[in-house]
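Just below is one structure, and these are the notes that go with it.
The values are calculated or read from the model by the stated rules, or taken from the named source; none is laboratory data. Bear in mind that the values here come from a model prediction, so they are computed numbers and not experimental data. Neighbour counts run over all protein chains shown; Cβ positions are idealised from the backbone, glycine included. The accessibility values were calculated without ligands, DNA or RNA, using every heavy atom of the protein model including side chains. Shrake-Rupley method; radii C 1.70, N 1.55, O 1.52, S 1.80 Å.
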Amino acid sequence: MTVAVLDVETTGLSPKTDRIIELGVVLLDDRGEVEAEFETLLNPVRVVVAHNALFDLRFLARELARAGQPGELPPTLCTMRLAPLFFGPGTRSLQALCGFVDIPLDHGHAALHDARATAQLMLHMLSSHLGEGSLAGAGVRVQFADDGRYQGFEALEHSWEELVETALAVDLVACDPCRTLPRDAATAAARQRDSYLGGLVAALPSLDDAPPSMAPYLTVLDEVLEDRLVSVPEADQLAALAAELGCGRDHVLTAHRLYLEALATAAYADGIVTDGERADLDRVAVLLGMTGKDVDLALTAVRSGAQVTVPRRPNAFLPPGTKVVFTGAMSRTREELEGAARDAGLVPMSSVSKQTGVLVCADPHSRSGKASKARSLRIRLISEAVFWDALDTAGAARVTVRR
């Protein structure tokens, strides 16, 4: 008999719209020894244990349905519902319960770490004499529709042995393994994506007679970096444009430095570079294949009198009447942001809809409900820095450098 202790991390609270982003699984044998550990999505043809099982299983059922593998899930032991038998009424968080019995949980909300802690918590509770009797509703059988929609659950009064027998009697359909990407690989992939522009520069040939104007490249670069991310399609656009312009390595690197100096000019416009503005400059530098030293040089140039702007697309600035939504904790209060938007003729809104013109994000990696909906509706996402820059520098039409 194998027990799978699992935990999922999701993009939100609703399995209708949110998705599983990480699944951690710890497999235990009959003696409670760890057989294996996984960070992946799987079809659980085994006894399943989870903390707050109804939450995790609702997502798991949806993911299996999306993968074309709908079906009945086995009865599940919920350690959160089991906890009152051993600890009495009160706190139900995994962190708190592990703290009661000195189970380490140093990386909360990382799926594999949570699954390990849940496995130890389950073993601790079931090893006592209380684990020999009824689980008092801690066993659950969850009902789902074919499309993975949650329909309800039945609390089981079984003992642990009876729960195991019931689970093993469920006729489950095995599915083919799916492509997975563990956390370390996902982090490496994100790092590779984020450093794309630096890689582009390194890959370009060195040309002596570069074209006289980089305005087209800077214009597209401005569009790509307004959300402080570089997607694969955007990276392809830049590579294609650089090839069309006949850009060499030195020429593109010069364009990147020029772009960084333009951002430094905007940041220093009021004579102060805030911590948030410096962080934004550092972020862009990484995306451009540069470092914090390059940011220091750009700021030094600006403080010495250099003033740099970049060309803007005709629709780069927000026309009056544009509906704008804000998400995340920014450098200024929501009232200040909305006030500035109104002063510029924009229309602040509280939620994202098809009529939204732009979503201003504090965090370009945000997976909030607003950000997810905006992406699904193909609504433009920009960073806070770009929002202020758009309000401050409307009308700029070409690259100008004054030293």
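Below are the figures for this structure:
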quantity	calculated
Residue in the range 277-290 that is more than 25 Å from the chain's Cα centre (by Cα) and either at pLDDT 85 or above or aromatic (Phe, Trp, Tyr) (or both) present	no
Whichever residue in the range 228-250 is more than 27 Å from the chain's Cα centre (by Cα) and of a type outside the set (A, V, I, L, M, F, W, C) and, among such residues, is most open to solvent (accessible area, probe 1.4 Å)	Glu244
Any chance Asp296 is at pLDDT 85 or above, open to solvent by 20 Å² or more (accessible area, probe 1.4 Å) and charged (D, E, K, R)	yes
Residue list for the range 1-28, restricted to those being modelled with pLDDT under 70 and of a type in the set (A, V, I, L, M)	Met1, Leu13, Ile21
The range 92-125, subset part of a loop (DSSP other than H, G, I, E, B) and surrounded by 13 or more Cβ atoms within 10 Å (Cβ to Cβ), residue modelled with the lowest pLDDT	Ala110
Candidates Leu253, Leu225 - the one that is open to solvent by less than 10 Å² (accessible area, probe 1.4 Å) and in a helix (DSSP H, G or I)	Leu225
Search result, residues across the range 47-65 that are within 16 Å of Leu123 (Cβ to Cβ) and either at pLDDT below 75 or not in a strand (DSSP E or B) (or both)	Val47, His51
Some residue of the range 300-320 being touching a helix residue (DSSP H, G or I) at 6+ places or on another chain (Cβ under 8 Å) and modelled with pLDDT of 85 or more	yes
Counted residues, the range 360-379 - those being outside any helix (DSSP H, G or I), open to solvent by 60 Å² or more (accessible area, probe 1.4 Å) and at negative phi	4
Pick from the range 144-155, criterion assigned to a strand (DSSP E or B) and open to solvent by less than 70 Å² (accessible area, probe 1.4 Å), ranking: farthest from Leu73 (Cα to Cα)	Ala155
Filtered residues of the range 391-402 (kept if within 21 Å of Asp270 (Cβ to Cβ) and either at pLDDT 75 or above or not in a helix (DSSP H, G or I) (or both))	Leu391, Thr393, Ala394, Gly395, Ala396, Thr400, Val401, Arg402
Filtered residue count, the range 156-165, keeping only those that are open to solvent by 30 Å² or more (accessible area, probe 1.4 Å) and either touching a helix residue (DSSP H, G or I) at 6+ places or on another chain (Cβ under 8 Å) or among the hydroxyl-bearing types (Ser, Thr, Tyr) (or both)	2
